[in-house]
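These notes are about the structure you will find just below.
The values are calculated or read from the model by the stated rules, or taken from the named source; none is laboratory data. Since we're looking at a predicted model, the values are computed, not measured. Heads up, the Cβs are rebuilt from the backbone with ideal geometry, glycines too, and the neighbour counts pull from every protein chain shown. Side chains included, ligands, DNA and RNA excluded: accessible areas come from the protein's heavy atoms. Shrake-Rupley method; radii C 1.70, N 1.55, O 1.52, S 1.80 Å.
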Amino acid sequence: MKIATAAEMRGIDKAAIEYFGIPGLVLMENAGAALARQVASILTDAANKKICVFAGKGNNGGDGFVAARHLANLGAKVKVFLVFDENDTAGDAQVNLNIVKKMGIDVLPLAGDRDWDMARVAATFADCIIDAMLGTGFSGGIQGNMARAVEIINSAGKPVVAADIPSGVHADTGQVGGTAVRADYTVTFGLPKPGLLLYPGAEYTGRLVVADITIPAALLCAEIIRQNAITVRKAKQLIPRRHPAAHKGVNGHVAIVAGSEAYTGAAALAATGALRAGAGLVTLGVAASLLNLMQMKLTEIITRPLPEIIGGAIGLKAVPYIDELAARCDVLAIGPGLGRAEETMAAVREVVRNCEKPLVIDADGLNALVGHTDVLRDTAALAVLTPHPGEMGRLLGLTPAQVNQDRLGVARQAAHNWGAIVVLKGAPTVVAFPDGEVYINTSGNAGMATGGTGDVLTGVIAALIAQGLSSHDAAVAGVYLHGLAGDIAAHAGQVGMAAGDVAQALPAAYAGLLEE
Ligand SMILES: NC(=O)C1=CN([C@@H]2O[C@H](COP(=O)(O)OP(=O)(O)OC[C@H]3O[C@@H](n4cnc5c(N)ncnc54)[C@H](O)[C@@H]3O)[C@@H](O)[C@H]2O)[C@H](O)CC1
Ligand SMILES: [K+]
């Protein structure tokens, strides 16, 4: 499913009206009707129920007027509060405001304090509240009357249904402009917007309903829309199917270079993630002094000793051994737990420069690229980088908070600049490609915010490449598969969930994606 920015949505709207000839009023009618249907389904029966609509002056408000009409026709007692000067509205919204007034529905401009007191009382006694104040036209911050209305809505303690976007949430980034409506449901029109899936916007969205308002399908899947959701449907399309006669060689061979004296768990989790995501063979290259320990921890994983420096970290002498290992395998994942010794970092850069196989670079492998992202330009296949916001920040000279301020934009720009696939981990994980295409993941949960889950993801993506997926598809499907495993593991509880639980849940998640 595509995800449209506010500007892309406006373009779609324009094309639907001007090229296909669908009147804007028809789109608004369908939007308002979808809003009314959602409210009616929440209330089971709208007849005699008290509904408050808080409306803005634009087309978002227009959707609210249409919903008010539909709900009044179902017998609901509707009050429409205008959070703007009545003369400010125009076009389709004004047409629908006039209809609502002619029907005798209560339309109450919020002018003086008494009006606001009435609005607060009405919201407190309402059965449902509709937020139709601001949608894709919102910019800046919420203040004044809008802020007052948001406070009334949020403090009423009643079910809230937002039209298109919770007012106060920025459509493109999910950032909140000071305050925002906390919706229980958001009925968004045509396509989801990034801000409904990105935090904190996702927190205000509640349950997301995507309403078909009869925008021609060709417009909703247009290539010019550069955002996509990684849905279960997308992951099912991409996940490799296994031939009944497949042998371990067919299922691919993953090479992993990871671990150091202090971080043996990262190596074990990355290797286990690859195994549990279906790789036929997994070979772990690790500093020689850790070999016995890793052999004790890992049964099915082949282990290879690598020349090391002090502290059980690989050194430059390991480079030819790693090159040889990668040459025998289908993909090389490098980085988890390697440590940050200068010689280890230099060795990683040398390996990345030489590698002829697809690469997955994570954790300390990313730290090795700080100030050296030019080495990515020469990789044989698009390297997949899997930074969390801290690693991303180090690579870009930003703080994690700055990275999270615009996750889509930061990941997209980095992928373009580096000529690599960037999997920016977090809630939600974003996958960005050099051509500007981005995917927002819809699986996973907060229980996965625990040490080592990133190492597992590295193994998962490498395993899917080893099984024949392009780096592009492996990143998209791997992020979803990993999150789905996290959702399965979370059935035992999110608090206390460990990265190993996610790895152990991978076969069940994979099986779920293979089901028709
Ligand atoms: N996309 C579709 O297919 C359809 C969308 N519909 C609805 O239309 C809105 C977008 O309407 P628009 O008139 O462009 O803007 P808004 O109604 O979101 O905003 C109204 C108005 O508010 C002012 N404003 C902006 N920022 C602030 C602020 N911080 N504080 C106060 N006021 C602010 C600004 O002047 C805006 O113009 C979309 O979301 C859908 O709900 C169609 O109805 C159906 C088809
Ligand atoms: K809204």
Answer residue from the range 187-211, given it is of a type in the set (V, I, T) and touching a Leu at 6+ places or on another chain (Cβ under 9 Å) and is surrounded by the fewest Cβ atoms within 10 Å (Cβ to Cβ) among those
V210
Across the range 283-311, which residue is surrounded by the fewest Cβ atoms within 10 Å (Cβ to Cβ) among those that are within 37 Å of the chain's Cα centre (by Cα) and part of a loop (DSSP other than H, G, I, E, B)?
T299
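Assess whether T124 counts as being more than 10 Å from ligand 2 (Cβ to nearest atom), of a type in the set (S, T, N, Q) and touching a Lys or Arg at 6+ places or on another chain (Cβ under 9 Å).
For T124, the condition - more than 10 Å from ligand 2 (Cβ to nearest atom), of a type in the set (S, T, N, Q) and touching a Lys or Arg at 6+ places or on another chain (Cβ under 9 Å) - is met.
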Are any of the residues in the range 395-412 open to solvent by less than 10 Å² (accessible area, probe 1.4 Å) and under 21 Å from L359 (Cβ atoms)?
yes
Residues to consider are V100, V107; find the one that is more than 33 Å from the chain's Cα centre (by Cα) and either in contact (Cβ under 8 Å) with a residue 60 or more places away in the chain or in a strand (DSSP E or B) (or both).
V107
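Considering each of D184, D88, D164, D127 in turn, give the residue that is modelled with pLDDT of 95 or more, more than 29 Å from the chain's Cα centre (by Cα) and either open to solvent by 60 Å² or more (accessible area, probe 1.4 Å) or not polar (S, T, N, Q) (or both). Break it down into steps so the answer makes sense when it comes.
Values: D184 fails: more than 29 Å from the chain's Cα centre (by Cα); D88 fails: modelled with pLDDT of 95 or more; D164 fails: more than 29 Å from the chain's Cα centre (by Cα).
Residue meeting the stated conditions: D127.
Mind listing just one residue for me: the one in the range 110-124 that is in contact (Cβ under 8 Å) with a residue 60 or more places away in the chain and over 35 Å from the mean Cα position of the chain (by Cα) and, of those, nearest to E8 (Cα to Cα)?
First, the residues of the range 110-124 that are in contact (Cβ under 8 Å) with a residue 60 or more places away in the chain: 119, 122-123.
Those left that are additionally over 35 Å from the mean Cα position of the chain (by Cα): 119, 122.
On the way: A119: 35, A122: 36 Å.
Filtering first and then ranking leaves A119.
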Hey, can you tell me all the residues within the range 336-355 that are out of contact with any Leu (no Cβ under 8 Å at 6 or more places or on another chain), open to solvent by less than 40 Å² (accessible area, probe 1.4 Å) and part of a helix (DSSP H, G or I)?
M345
Number of the condition not met by A503 [criteria: (1) in contact (Cβ under 8 Å) with a residue 40 or more places away in the chain; (2) in contact with a Leu (Cβ under 8 Å, 6 or more places away or on another chain); (3) surrounded by fewer than 24 Cβ atoms within 10 Å (Cβ to Cβ)]
(3)
If you check every pair at least six apart or on different chains, which have Cβ atoms under 8 Å apart with a residue in the range 254-266 that is more than 14 Å from T344 (Cα to Cα) and without any contact (Cβ under 8 Å) to a residue 60 or more places away in the chain first and a residue that is part of a helix (DSSP H, G or I) and among the β-branched types (V, I, T) second?
none
Please give the number of the condition G140 fails out of (1) in a loop (DSSP other than H, G, I, E, B); (2) closer than 25 Å to S41 by Cβ; (3) within 34 Å of the chain's Cα centre (by Cα).
(2)
